[in-house]
Every structure is written in structure tokens, then in C-alpha cells.
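Enquirer: The structure that follows is given in the form of C-alpha cells.
Only the coordinates and a few stated rules stand behind these numbers; no lab work does. Quick caveat: nothing in here was measured; it's all calculated off a predicted structure. For neighbour counting, all protein chains shown are included, and Cβ atoms are generated from backbone atoms with ideal geometry for every residue, glycine included.
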């Protein structure tokens, strides 16, 4: 993976992780996790939802790099207009005519 990365414990606890332009989510994803992922990504991402076991498996593979490298995430818990609505987080679907 390249690009933005959330700390492993944060990603696991909030059931959210970034894999390039894909947002991986578990069944109990949190709003705090979505906010942090949006800020870390800095762009719209494609959501990919997983069941609990699938998310943990994917998360483990994503973070299994054999090094202690990790990212940092800083965010506040106050709502801001740019992240208040999770619907604006996803890419707009393409319409066919």
C-alpha cells in the first residue's frame, strides 16, 4: 500500500482502513473512523465493505509489511461541514445515458 495510512490499532478499533483509493470497512465502522479516513485520504475513495472476519483478515494483510512503519492520524471530534455527512465521502456514481 502506498499513500495515507491510519495506525493499526485505530483502524482495527474503528473498523476502517485505507488501501490506496479504497476504503475498507467492517460491520461496526465508526463515524470517527470515517472522519479520520477521509482526512487521511484527502480525496474521494471507493468503499469496500466486509464482514467482521473478512475485515480483520484484510486489515492484517494490509499491515503485514514486516516493518514497524506506521502513519499518524490527527483529527478532532467536532463535526465540520466538510465531514458531517458520510454520503459526501463516497465517489459519485457514474450515470449511464
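Enquirer: Please sort 48-55, 29-36 by packing, taking for each peptide the average over its residues of neighbouring beta carbons within 10 angstrom, highest first.
Expert: Working: 48-55: 14.1, 29-36: 19.1.
Output ranking for 48-55, 29-36: 29-36, 48-55.
Enquirer: Tell me, in nm to one decimal, what length is gained between residue 43 and residue 8 on full extension, where the rule is 0.36 nm per residue of separation less the Cα-Cα distance? Don't skip to the end; give the middle numbers.
Expert: On the way: separation 35, 0.36 × 35 = 12.60 nm, distance 2.06 nm.
Between residue 43 and residue 8, full extension yields an extra 10.5 nm.
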